[in-house]
Number of protein chains: 2
Amino acid sequence: LMVWIEVSGADMKFPSIPDKTPFTPLVVMELAEDTNEEAVTWLTSRIKDTQQSGGAELMIDRLTLDDNQDPKKENQNIFIVGASRERLLVGAEDVGLVKEFNDGSMRGFTYANRENFKGFQGDGDNFLSMAECQFIVKHELDTLRARGETHVPGYPKIRLYPGKSVVRRIQSKGILVQIFPLHDKEELKRLSSMWYQNVQLSFQPLDDIRHYFGESLALYFGFLEYFTLAMVPMALIGMPYYLFDWEDYDKYVLFAVFNLVWSTVFLETWKRFSASLAYSWGTLSRKKAFEEPRPGFHGVLGINPVTGRQEPVYSSTKRQLRIYLVSVPFVLLCLYLSLCVMMVYFSAEGLVLGLHDEEPTFWTSLLLYVPSIIYAVVIEIMNRIYRYAAEFLTDWENHRLESSYQNHLTLKVLVFNFLNCFASLFYIAFMMQDMQLLRQSLATLLITSQILNQFVEAFLPFWLQKRRNKRVHRRSGKVSPDQELPFDQQVMLEADMSTYLGTFDDYLELFLLFGYVSLFSCVYPLAALLAVLNNVTEVYSDALKMCRVFKRPFSEPGADIGVWQLAFESMSVIAVVTNCALIGMSPQMKSYFPDSETQLILVVATVEHVFLAFKFILAFVIPDVPRHIQIKLARVEFESMEALKKKVMYTVLRHFSRSGEYGNLKRCKCLQ
Amino acid sequence: LMVWIEVSGADMKFPSIPDKTPFTPLVVMELAEDTNEEAVTWLTSRIKDTQQSGGAELMIDRLTLDDNQDPKKENQNIFIVGASRERLLVGAEDVGLVKEFNDGSMRGFTYANRENFKGFQGDGDNFLSMAECQFIVKHELDTLRARGETHVPGYPKIRLYPGKSVVRRIQSKGILVQIFPLHDKEELKRLSSMWYQNVQLSFQPLDDIRHYFGESLALYFGFLEYFTLAMVPMALIGMPYYLFDWEDYDKYVLFAVFNLVWSTVFLETWKRFSASLAYSWGTLSRKKAFEEPRPGFHGVLGINPVTGRQEPVYSSTKRQLRIYLVSVPFVLLCLYLSLCVMMVYFSAEGLVLGLHDEEPTFWTSLLLYVPSIIYAVVIEIMNRIYRYAAEFLTDWENHRLESSYQNHLTLKVLVFNFLNCFASLFYIAFMMQDMQLLRQSLATLLITSQILNQFVEAFLPFWLQKRRNKRVHRRSGKVSPDQELPFDQQVMLEADMSTYLGTFDDYLELFLLFGYVSLFSCVYPLAALLAVLNNVTEVYSDALKMCRVFKRPFSEPGADIGVWQLAFESMSVIAVVTNCALIGMSPQMKSYFPDSETQLILVVATVEHVFLAFKFILAFVIPDVPRHIQIKLARVEFESMEALKKKVMYTVLRHFSRSGEYGNLKRCKCLQ
C-alpha cells in the first residue's frame, strides 16, 4: 500500500486547508480497493446528507493521488472527512462534551449557550481541540444509521435494517478497512519538545497530552507519573539496604510495613488525583450516552428492551453459560498447564544442577542455562497462544458492549499473566524457601523484562518507522526528514503506520512491575529503585512511540483507569499476604519464638489480618473524590435541579391559569 | 398533658373531615404551651401564605378542646395541618415522588403529566397514600423559609435569616414541641388484621406496610422476613446436630462451610431483592433533593458553597479534628474499659468457682451466680452511658447532614455493642478454648436476650399503652376500647404516645443475632433454629409495637438498608475468620495432623484465605440490581436523554433559523 505522489504545485501546510479539500481534514477513511463504486457513492452521499434527512452532515472528499504513480498499484478509495465549525459545535453537544463555564464550573456544552463557555471567542474557532473535533466526527460517523436501505448498495448480501450503524456494519464486513484521525504536525512538534525531547526534571505536560491524545491516554501517563513519584520514597528507603548489605530482618519488617501502608495510601490518593484531573478535563461529570453494540456483536434481529430499536439481540443466559461452562474452565485449564510447565522447568533445573554437580565440565555448565532459556521461550509462546485464545473466547462470548468485552478480556489475560510472571517466584519463596534465589530471580526478571519491553515496544518500531519515513522522504524528493511532505503523501504515510491498540499492554506492564515491587518487597528492597528507573525511561519510550511510531489514536473520554484500579488494589491485598508470610518465614523471626513455631504463625496471621482490616478501613475512610470537587459537582447538580423546579413551577402555574385550577387552589384556601 | 374533651354532637369518623376542620387532618404540630401569641399568628399565616409569596400554602387549624376540662391544664397550642388535593400533587413533584407510569415503568411524578400515571383517576383523590401526603406536608413545612424576618416575632433572641428553615429553627429552640402524622384508624385496622392479628403462614403484606409506614420501615420488615427465611435451611440442617448429639467435627466443618457460603449468598441476594422492592416502590430511581442541615447544626453564618444560600457553615477540618482527636480515642478508651470489665468478670468467676470447689455450701453455690449478674448489670449500665456519650459526641462533631450524623452515631454504637456482646464469647472460645462453656454461654445469651428484648421493647409498652387507652375511653364515656374516640381526644391520645425513634435498635438487634448465629456456628448449630424462632416472634412484636404502641412515624423514603448492609457484610467476613479458627482448634482436626501443629495452622489459614477471596469474588460477580430492573432503569434514562436531545435539536434549529446561521451550515455544505 506504499504510495506517495507529489501533489502538483507547492507544499501544503497541515492542518491548514490543502488545495484540493475545501475543508480542514480531520479523519481518514480507507475503503477496500475493490469496493463497488455504487456503495462508495451511497456512503459519501449519506455522510454528506443533512441531519434532518438522516445523514451525518459531514464533509467528505476522495484523496487525489498524483498520477506520476501507477494508480493500479494504489488504493484509490481513501477519503478525507471534515466538518463545518457549526456542525462540530452541534456535535460537541451530541457527544456530551463538558467544558469550563464562564463562572469556573464545568458544564455540559450546549450550542445555544455556547457563548457563555470560557474560551469561546468569535465564531468559536479554537474552542474545540483537533482531538475533540476528530472524536466528534468519529461519533457522528458511528451514529449514522440506515434508514430505508435493506442492504448496502452493490452488496446484496450485506443487509441493513433501520437504525443499524452503517459505518460499523461496513467495518465489520471489511468494506471499511480503517478509519483514523490525522496527526497535526505542528502541535505534535510542540508537544514532543515539551514532553520527551529535552531531558528535564519536570512533570509531564498532562493537559497538552490530553489536548492531543484525549483523556484515556493522558490518564495513563498521569498514572505512570504518579506511580513513579510514589515509588521514589520507597526507592530511597530501599537503597541503604543494598548499599550497607542490611540483612537484618527487623529492618526488612520495617520496610515491608512502610511498603504496605504506602501502597494503600498511594492507590487511594491516586483515585483522588485522577478525579481532579478528570474533573478539570470535564470527563468526571460527563453523562454517558447509551452505548451502541460493538461491531462484532451478532444475534437474532429483535427489539432492544432499552431503546426500543431493532437490533440483534443475544440471550444473556446463553452468554453466562458460555462464560461459566467454557471460558472459566478453559482459563483454569490454562492456569493448570502453566503450573505444570513450571514444575517441569524446576525439576529439569534440578536435574541439570545435579548433573553439573556430579561431573562439572564445560558442557554441563552450558547445560545449566538450557532449562531457563527453554522455559522463557515456552512461556512466551504460551502467552501468545493464550492471548489469541482469550480474544477468540471473549469474542465468542458475544458481548454486546465494547466495554464489557474489554473487561472480560482484561480479566482473562490478567489472571494468566499474573500466574506466568509470579508463579515461579511464589514457588521459590514458599516451596523452596530459598530467599537468595528469590532475590536473584526477582532481579533478573525485573531487569531483563524492562530492557526487552522497552526495546521491542518502542525503540525497534521507532527505528523501523524512521527508516520508512526516510524512504518516503527520499522518494518524494525531500532529503531531510524534517521537511514537510505533500498532504497526500503524509496521509498515505500515516495510513501505513501501525495502529495503537489501546493502553492495555502499557497498563499490564505497570501492573506486573507493581507486583515485582510489592509482592516480595521485604526480601528485595532494591526493586523499587529499579522500578523507578524503569518508569522514567518508560515515560520517554511511551511518549516516543505515541508521537512517532503509531497512527494517532482517536481520543477516548475516560474518568478513571477503570478495571486497572481494581487490579492494582487486588495486587496490594495479595502483597500483604505474601509479605507477612515472608517475614514469618525469616530465620530472624523464627529466633524470636524459639520454642513454638505455632505461636509465630499465629502472631504473623494476626498481624496480617490487622493489616488487611486496616487497608479496608483506610480505603473506606479516604473519600475517592476530593472535597472541593465534590462541592463543585454538587453545586452544578443543585443548580440544574433548581432550574428544573423553576421550569416545573412555571409549567404548573401556566397549567393552573389555563385550566382554571389555580382558582380552585385559591378557593380551597378560602375554605379555611 | 392528658386532656380529652367531648366534641359537641356525634362521633367523627377519621380520616373524613371532622366538624371543626374544613380539611382532611394529616399532621399535628404541638407548640409549647407558653408560646407567644404573636409567634403563633406569624407561623400560621406563613404556613397559609401562597407559595408565590414565600409561604407553604398549607391549611392549618387550631385543635379546639372541649371546655368541660380546665383549659389551664391543657396545651391549647395544638394545630392540625392539611393541604388541598392540588397542593399535595404539586408537592409530590417537589419531593420527587416516583410513581408507576401508564406503560408500566416508574417515572418521576410531574403535575403537568399527572393523568398519564397509573391509578390517577378523576381529580386524583386516591392517587397519593395518606403516608405520602403526610410526608409531603412535612417536607413543605421543613422547606418553609424565612424571608425578611430577622427573628421569630415575639422572640427577639431567636434570630432568623433569609433562607433559614423556619420550622427547624423553632423546633431546635423548643417552641415547636413535636410534629407527627396522624394514624388512620380504618387503614390501621385493615393492616393489623393482615399483618399480625391472625397467626398465619404467609408473607408479610410489605406493600401495605409501605403504604402505611413508608419505605424505610417496610424495608426493615422485608429484611427481617428475608433474614428469617434465609435461616430456615440453616436451622433445618442444624437440628439433627442437636437431636443426634453429633459431636463429629467433620460434620461441624460441613455445617460451617455451608453457613459461610450461605451467608454470603444471602446478603448478596438480599441486595437484589431490596432493589426490586425499592424499584416497585419508586425509591430506587428517585433523585435525592439537596439535603438541608439538621436542626442541631450550628456555625458561623456564611455562604453554602453548593446552594449559594446563607446558612451556618462549619469547617470540615475542625470536624475531622474533633472526630479523630476526640471521638476515636474516646471510643477506643471505652472499648478498652469494656475489655477490662470483662477480664475482671472472668477472674471473679474463677475466684468464686475456686471458692465453691474448695468448700461447697449453699452460700457458695448462690455466690456462683453473683459475678454473672453483676457483669450483666454493669454491661447494661455501660451500654446506656456509652449510648448517651456517643450521642453527645456525635452531636458535638456538628455534622451538617442528618444522614452523616446517623452514620457516625451508628458506627460508634455498633462497635461498642459488638464488643460488649461478643468479647466474652471470643475470650471463652480463643483464650479459654472451652467449647462446652462457649456453647452454654451462646445458648444463655441468645435465649435471655431475645426474651428480654421482646418483653421490654414491645409487650410491656403495649400493655402500658393499652391501660392508658382504657383510661381515656372510660373518661370519655366509651366503655369498650373498640369504640371510636372523638377526634380531639384521638389527637390528644396520639400526642401522648411514645415516639418511634427509627429502625436503629431493631436493626441492631438483628445484627447481634446474626453475630450469634454466624460467628460460632460450627460449635452451636442450634443457634440458627433459635434465631428463626426469635425472628418469627419478632415480626409479631415489632408489628404490634408499630401499630399500637407508638405514634405513627413520618414515612421515610429509602432504597436500601444503608449502613446495615455494610455492617452485616463485615460480620460475615469476621465469621469466616472465627469459624476457620474454631475448626482449626478442634481436637478432631488436630488428630488429622498428629505430628505437626504448624501444618494444621497453615492449612487452616490457607482455607480461610481461599474463603475470603471466594466471598469477595462472589460479591463482585453477583450484580446488585437484577437485570430486568437494570433494563427498566436504563430505558427511562435513555428516553429522558433522547427527549433532551430532541429538545436541544429543536432549540438549535430555532436558533439557526433565527440567526441565519443555518444558512451558513448549508453554505458550508455547498463548498464541497
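Remark: mean inter-chain Cβ contacts per residue of B:633-639 equal 4, using a 10 Å Cβ-Cβ cutoff to other protein chain atoms.
What does the C-alpha gyration tensor say about the overall shape of the stretch B:555-604? Classify as rounded when a/c is under 1.5, otherwise prolate if a/b is larger than b/c, or oblate. Show your work: numbers first, answer last.
Working: a/c = 7.96, a/b = 4.85, b/c = 1.64.
Prolate shape, in that a/c is at least 1.5 and a/b is the bigger ratio.
Listed by chain and number, the aspartates and glutamates whose C-alpha is less than 15 Å from the C-alpha of A:Lys157, apart from same-chain residues fewer than 8 away, are A:Glu38, A:Glu149.
Greater than 22 Å separation of Cα atoms is the criterion. Which listed pairs, B:Lys48/B:Lys189; A:Lys466/A:Lys545; B:Lys251/B:Lys590; A:Lys632/B:Lys138; A:Lys138/A:Lys318; A:Lys318/A:Lys412, meet it?
On the way: B:Lys48/B:Lys189 33 Å; A:Lys466/A:Lys545 11 Å; B:Lys251/B:Lys590 15 Å; A:Lys632/B:Lys138 29 Å; A:Lys138/A:Lys318 32 Å; A:Lys318/A:Lys412 19 Å.
Long pairs (Cα-Cα over 22 Å): B:Lys48/B:Lys189; A:Lys632/B:Lys138; A:Lys138/A:Lys318.
Convex hull volume of the C-alpha atoms in the stretch B:346-444, normalised per residue: 115 Å³. Using a probe of 1.4 Å, the accessible surface attributed to B:Ser555 totals some 10 Å² when neighbouring protein chains are kept in position.
The calculated 222 nm mean residue ellipticity attributable to helices in the protein assembly as shown amounts to -19500 deg cm²/dmol, summing -39500 (n - 2.57) over DSSP H runs of n ≥ 4 and dividing by all residues. Radius of gyration (Cα atoms) of the stretch A:220-298, expressed as a multiple of 2.2 N^0.38 Å: 1.72.
With a sphere of radius 13 Å drawn around the Cβ of A:Gly350, what net charge do the other residues whose Cβ falls strictly inside it have (Lys, Arg +1; Asp, Glu -1)? Once positives and negatives cancel, what remains is -4. Estimated translational diffusion coefficient (Stokes-Einstein, Kirkwood radius over Cα pairs, 37 °C, 0.692 mPa s) of chain A: 113 µm² per second. Projecting the Cα atoms of B:Ala613, B:Leu58, A:Ala458 onto the charge dipole of the protein assembly as shown (Cβ charges, centred on the Cα centre) puts B:Leu58 farthest toward the positive pole. Amide H contacts for B:Ile60 (H built 1.01 Å from N in the peptide plane; partners 5 or more residues away or on another chain; cut-off under 5 Å): B:Gly82.
Cβ-Cβ distance of B:Leu501 and A:Val456, R₀ of 60 Å, FRET efficiency by 1/(1 + (r/R0)^6): the value works out to about 0.35. Looking only at the protein assembly as shown, where both bridge partners belong to it, what percent of the DSSP beta bridges are antiparallel (to the nearest 5)? The answer is about 95 percent antiparallel. Scaled to the globular estimate 2.2 N^0.38 Å, the Cα spread of the stretch B:573-642, given as radius of gyration, is 1.96.
Distance between the pseudo-spin-label points of B:Arg468 and B:Val539 (7 Å out from Cα toward the beta carbon): 2.9 nm.
Each label was represented as a point 7 Å from its Cα along the Cα-to-Cβ direction; for A:Glu556 and B:Ile374 these points are 6.9 nm apart. Note that the stretch A:327-342 has calculated 3J(HN,Hα) couplings of 5, 4, x, 4, 4, 4, 4, 4, 4, 5, 4, 4, 5, 4, 4, 4 Hz, one per residue in order, obtained from phi through the Karplus relation 6.51 cos²θ - 1.76 cosθ + 1.60 (θ = phi - 60°); glycine and proline are x. Our coupling estimate for the stretch A:563-576, obtained by passing each phi through the Karplus curve with A = 6.51, B = -1.76, C = 1.60 and θ = phi - 60°, is 5, 6, 4, 4, 5, 5, 5, 4, 4, 6, 5, 4, 4, 4 Hz, Gly and Pro reported as x. With the biggest extent put first, the Cα atoms of the stretch B:493-566 measure 49, 25, 15 Å across the principal axes. With R₀ set to 60 Å, the beta-carbon distance separating A:Leu339 from A:Ser640 gives a calculated FRET efficiency near 0.65.
If I take R0 = 25 Å and measure r between the Cβ atoms of A:Thr41 and A:Arg159 in this structure, what FRET efficiency does the formula 1/(1 + (r/R0)^6) give, to the nearest 0.05? With a Förster radius of 25 Å, E is 0.85. Whole-percent P(r), the stretch A:514-650, all Cα pairs, 5 Å bins from 0: 2, 7, 9, 11, 13, 12, 11, 9, 8, 6, 5, 3, 2, 1, 1, 0, 0.
Taking all protein chains together, B:Tyr592, A:Tyr212 sort by accessible area into B:Tyr592, A:Tyr212, largest first [probe 1.4 Å]. Sorted from greatest to least, the principal axis extents spanned by the alpha carbons of the stretch A:169-218 come out as 49, 21, 15 Å. Residue by residue, the stretch B:222-236 carries 3J(HN,Hα) couplings of x, 5, 4, 5, 4, 4, 4, 4, 5, 8, 4, x, 5, 5, 5 Hz when phi is fed to the Karplus relation 6.51 cos²θ - 1.76 cosθ + 1.60 (θ = phi - 60°); x denotes Gly or Pro. Extension gain, B:Tyr242 to B:Asn116, is 39.5 nm, computed as 0.36 nm per intervening residue step minus the present C-alpha separation.
Between B:Cys133, A:Trp270, B:Leu510, the Cα set farthest toward the positive side of the dipole of the protein assembly as shown (charges on each charged residue's Cβ, about the Cα centre) is that of B:Cys133. Computed about its Cα centre, the charge dipole of the protein assembly as shown is approximately 4420 debye, with only Lys, Arg, Asp and Glu carrying charge at their Cβ. Under 5 Å between amide hydrogens, built in the peptide plane, is the criterion, and for A:Gly558 it picks out A:Glu215, A:Ser216 among residues at least 5 positions away or on other chains.
Identify the residues of the stretch A:597-637 with backbone N under 18 Å of a label point that sits 7 angstrom from the Cα of B:Ala619 along the Cα-to-Cβ direction, or state none. In the stretch A:597-637, the label zone of B:Ala619 (backbone N under 18 Å from the point 7 Å along Cα→Cβ) covers A:609-624.
Over its Cα atoms, what ratio of radius of gyration to 2.2 N^0.38 Å does the stretch B:139-210 give? Each step should come with its number before you reach the end.
Numbers: Rg = 20.5 Å, N = 72, 2.2 N^0.38 = 11.2 Å.
Relative to the rule-of-thumb radius for its length, the stretch B:139-210 sits at 1.83.
Residue order by solvent-accessible surface for B:Ile381, B:Ile428 is B:Ile381, B:Ile428, largest first, with ligands and nucleic acids left out and a 1.4 Å probe.
Each residue, A:Ser365 and B:Leu229, gets one label point 7 Å from its Cα in the Cβ direction; the gap between the two is 7.6 nm. Residue-normalised convex hull volume from the C-alpha trace of the stretch B:123-243: 199 Å³ per residue. In plain terms, if you count all Cα to Cα distances in the protein assembly as shown and split them into 10 Å steps from zero, the share in each step is 1, 7, 12, 17, 18, 16, 13, 9, 4, 2, 1, 0, 0 percent. Shielding by partners for peptide B:593-605, expressed as the average number of C-beta atoms from other protein chains within 10 Å of each residue's C-beta, is 3. Working note: Cα atoms of the stretch B:24-64, range along each principal axis, descending, whole Å: 32, 25, 12.
Could you order A:Val378, B:Val152 by accessible surface area, starting with the largest, using a probe radius of 1.4 Å? Could the numbers behind the result be given before it?
Values: A:Val378 50, B:Val152 0 Å².
The residues order as A:Val378, B:Val152, largest area first.
Kirkwood Rh over alpha-carbon pairs of the stretch B:56-214, then Stokes-Einstein at 10 °C and 1.306 mPa s: what D in µm² s⁻¹, rounded to an integer? Spell out each step's value before the answer.
Numbers: Rh = 18.8 Å.
Stokes-Einstein gives a translational diffusion coefficient of 85 µm²/s.
All C-alpha pair distances within the stretch A:401-517, sorted into 5 Å bins from zero, spread as 2, 9, 14, 14, 12, 11, 10, 9, 8, 5, 3, 2, 1 percent across the bins.
The values are calculated or read from the model by the stated rules, or taken from the named source; none is laboratory data. In this text the structure is predicted, and so the values were computed from the model without any measurement. Methodologically, a virtual Cβ is constructed for each residue, glycine included, from the backbone with ideal geometry; neighbour enumeration extends over all protein chains shown. Only protein heavy atoms, including side chains, enter the accessible area calculation; ligands, DNA and RNA are left aside. Shrake-Rupley method; radii C 1.70, N 1.55, O 1.52, S 1.80 Å.
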